[in-house]
Amino acid sequence: MSEEMYRGAVIGLGVMGQIADGLGGEHISLYPPCCHADAYDMHGQTELVAGATRDAGRQARFREARNKPVYADYCEMLAKEQLDIVSIATPATVHAEMVVAAAEAGVKAIWCEKAMAVSLTECDGMIAACEKAGTVLAINHQRRWDGRYVALKRFLDAGEIGQVQAVQIHFGGGRLCRGGSHAFDLARFFVQEDISWGMGWLSDPDAFDPGGTGIFETQSGIRIVIDDALGMQHGLWVEVIGDGGIIKLVDDGFDVQVWTPDEREGWAGFGVMSRRHLARNHSVGSPFLNAMGDLIQCIEKGIPSQSSGQDGCKAFEMVTAVHLSHRDEKRPIAFPILERDYTIPSN
């Protein structure tokens, strides 16, 4: 990368925009920065020049903490600040209009929170606007920039557990879009295949951004199960099952287990598995800083992000399939989904 400096700003100054700090350093595996504003401040090639929010209290917090201009109207900020990179950390209900406005204002890269939008039509429009403007679009599914998960992807690609047969992800919180979006994207990150069909059901269909369960099959026949538990708030628990072993990611990847068939004489054929050590060969650092580095590389080389708008759209398409299948009595939904106006509000 060059040494060029890039002017950045954040639209939406809530938890992900400017507040999250990785539990104040209390969690040994959460590496600051953990919010968009801090990422601009801490990366060596970016400068945070402004923020935008309609919330008066968050405006005051931003001024006090950052000593930078803050706008009530994000369009005014886009017009005045000559920005290179813009983060959008607002509820998903306004992502589409903000991404389109930023692209049309000429910014070089947009870093948008998940879920990407509230309908596939909005996702399509965001991608089209950025392609027309030549703007990089990245969706903040952080695990694509997390050294732990990138190392595990290399492990899978090397065939260490054979051919992947299935991915199963379980998480708490009861919301498929807000937190669950990460699970759908992570499954696709591991298998790197388009989905052929999916089905599912909602656990609390009358709730805002309800939870549920989805079952999918990729074009080569890999099975994916995403299960969102009500009543718990745990992070992702993942199993990647191959024909030569199983990887278990416990507590959102903080504990990684590799299980392979027991090769001792006399044990073969009984299905006995033995656990082995997986060396930690990944870089240690904040996914937010890695994301910023990715955006800069995309700008300078004209390449898509490691977590592109297309990736974000395909994760949202899986969520949409769960909703449509529930509505239609658990009918399998073919991909790509044709009913692209179906709306799932989330924040």
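Values quoted throughout were computed directly from the atomic coordinates according to the rules given, and no laboratory measurement underlies them. Because the structure is a prediction, the values reported are computed rather than measured. With ideal geometry, Cβ positions are generated from the backbone for all residues, glycine too; neighbour counts draw on all protein chains shown.
Both radii are taken from the alpha-carbon atoms of segment 146-213; with Rh as the Kirkwood radius, Rg/Rh is 1.03. Between amide H atoms placed 1.01 Å from N, distances below 5 Å from residue 90 occur with 113, all of them 5 or more places distant or on a separate chain. In this rough spin-label picture, where each label sits 7 Å from Cα along the Cβ direction, the residue 193-residue 341 distance is 3.4 nm.
Listed by chain and number, the lysines placed with their C-alpha closer than 16 angstrom to that of residue 80 are 68, 108; residues fewer than eight positions away on the same chain are left out. The share of alpha-carbon pairs in segment 187-267 lying farther apart than 14 Å comes to 72%.
Looking at segment 115-233, what % of its DSSP beta bridges pair antiparallel, to the nearest 5? Spell out each step's value before the answer.
On the way: 12 of 19 bridges.
Counting DSSP beta bridges with both partners in segment 115-233, the antiparallel share is about 65 percent.
Beyond 28 Å, how much of the Cα-Cα pair distribution for the chain remains, as a whole percent? In whole percent, the share of Cα-Cα pairs in the chain beyond 28 Å is 44. Of all DSSP beta bridges confined to the chain, the antiparallel ones make up roughly 55%. Remark on residue 242: its backbone amide H falls under 5 Å from those of 165, 247, a criterion applied only to residues 5 or more positions apart or on other chains, H modelled at 1.01 Å from N.
Tell me the net charge near residue 201. Cut-off is 12 Å between Cβ atoms, residue 201 excluded, with +1 for each Lys or Arg and -1 for each Asp or Glu. Please report the intermediate quantities before stating the final value.
Values: positive: 327, 330, 331; negative: 204, 227, 228, 328, 329.
Net of charged neighbours comes to -2.
Along its principal axes, segment 1-132 has C-alpha extents of 41, 36, 30 angstrom, given from the largest down.
When +1 charges are put on Lys and Arg Cβ atoms and -1 charges on Asp and Glu Cβ atoms, the dipole computed for the chain relative to its Cα centre reaches about 300 debye. Think of the chain as having a plus end and a minus end, set by charges on the Cβ of Lys, Arg, Asp and Glu; of 325, 127, 75, 75 sits farthest toward the positive end of this dipole. Ignoring lysines fewer than eight residues from residue 114 along the same chain, the ones with Cα atoms less than 17 angstrom from its Cα are 314. Between 0 and 90 degrees, the angle of helix 120-133 with respect to the longest Cα principal axis of the chain falls at about 60 degrees.
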